[in-house]
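Data first, discussion second: the structure below is written as structure tokens.
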Amino acid sequence: MFISCQPLPSWCCARLTPFSSTVIDFLTRLEHVVVRYGGSSNESIYIVSASIDIVSSEITDSLNSGIRTYNSQSLVEDTLCGSFSGLSKVYRACGYRVGWVVFSGNRENAGEYLHALELLSALRLCSNVPGQWAVQTALGGFQSINELVAPGGKLFESRQAVIDGVADSEFLELVAPAGAMYAFPRIRTDRLPEFDDYQFALDLLEHKHVLVAPGVSFNVPFNDHFRLTTLPEPAIVADALGRVEELLHSYLVTEV
């Protein structure tokens with residue numbers, strides 16, 4: 001997804017999303033992509049043009065809390081853009097396993113490529129017909145996700161419970177999730193310098209009966225994070241984070 005920047009272009013009315021200087025430095029070094037960003041403390045970016053084909057996953061494009069994003073296909077004209085989405089996230093129909101891709105932009109020069117994709121699609125023997133019927137309703141029907149991610153909505157309040165729980169913690173810090181159904185808190189290693197996320201996940205399950213995924217399971221080079229879902233009721237989220245705090249406090253007492 002492409003996220004608007006400062007100053008806002010004429011077609012955009014959006015709030016800003018912060019990006020680290022590392023991300024901005026990487027994007028501005030790309031030879032085939034033109035990037036604009038605010039350059040202030042709210043460094044935010046959007047891609048203006050590109051001389052390469054764009055493949056964009058937009059399966060969570062309406063799950064953003066307080067952030068306005070724009071589909072890639074509305075921004076890409078000179079090159080081919082493939083926008084992928086599906087029923088599993090925004091439309092909460094995980095079992096259907098149905099997705100789609102919309103091609104826009106310069107399709108005239110991609111005839112052979114698009115023909116090959118159509119051929120591959122035709123080779124599938126057993127299509128998911130019930131799920132395909134759901135696609136039309138998902139794209140053109142009532143968008144219930146908008147109420148869920150607004151203040152007072154189920155997904156908004158559950159996400160807020162995670163943010164509030166981390167804010168109240170002596171040991172945790174968090175980049176607030178935006179466009180995801182999970183959070184990735186970090187343990188303050190200045191408080192627990194010997195922390196190991198894999199052992200923590202085991203201890204949390206065995207002693208506090210809360211299941212999380214250790215950060216190392218996502219092939220990251222650090223071991224001070226864990227992942228938890230933002231889908232349960234706010235009260236359940238608060239209870240789970242309370243148990244996390246109890247376990248982390250027990251580590252601190254043991255180390256002392």
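Below is a table of values for the structure above.
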{"read-out": "Residue 121 vs. criteria surrounded by 13 or more Cβ atoms within 10 Å (Cβ to Cβ) and not acidic (Asp, Glu)", "value": "no"}
{"read-out": "Residue in segment 62-81 that is closer than 25 Å to residue 159 by Cα and either modelled with pLDDT of 80 or more or assigned to a helix (DSSP H, G or I) (or both) present", "value": "no"}
{"read-out": "Residues within segment 117-139 that are in a helix (DSSP H, G or I) and touching a residue at least 24 places away in the same chain (Cβ under 8 Å), tallied", "value": "6"}
{"read-out": "Pairs where the first residue, in segment 227-249, is among the aliphatic types (A, V, I, L, M) and the second is outside any helix (DSSP H, G or I), C-beta under 6 Å, 6+ apart", "value": "228/183; 228/212; 231/181; 240/210; 248/171"}
{"read-out": "Residue within segment 193-203 that is farther than 18 Å from residue 155 by Cα and in contact with a Lys or Arg (Cβ under 7 Å, 6 or more places away or on another chain) present", "value": "no"}
{"read-out": "Single residue of segment 140-150 satisfying the filter (part of a loop (DSSP other than H, G, I, E, B) and in contact (Cβ under 8 Å) with a residue 40 or more places away in the chain) that is farthest from residue 240 (Cα to Cα)", "value": "143"}
{"read-out": "Residue in segment 103-116 that is closer than 30 Å to residue 148 by Cα and not in a helix (DSSP H, G or I) present", "value": "yes"}
{"read-out": "Checking residue 166 against (1) modelled with pLDDT of 95 or more; (2) more than 28 Å from residue 92 (Cβ to Cβ), the condition it does not meet", "value": "(2)"}
{"read-out": "Single unsatisfied condition, residue 103 versus (1) aromatic (Phe, Trp, Tyr); (2) over 30 Å from residue 246 (Cα atoms); (3) in the same structural domain as residue 188 (by TED's automatic domain parsing)", "value": "(3)"}
{"read-out": "Single unsatisfied condition, residue 116 versus (1) farther than 30 Å from residue 232 by Cβ; (2) within 23 Å of the chain's Cα centre (by Cα)", "value": "(2)"}
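The values are calculated or read from the model by the stated rules, or taken from the named source; none is laboratory data. A quick note: this is a predicted structure, and the numbers were derived from the prediction, not measured. Quick reminder, even Gly has a Cβ in these numbers, built from the backbone with ideal geometry, and neighbours come from all protein chains shown.
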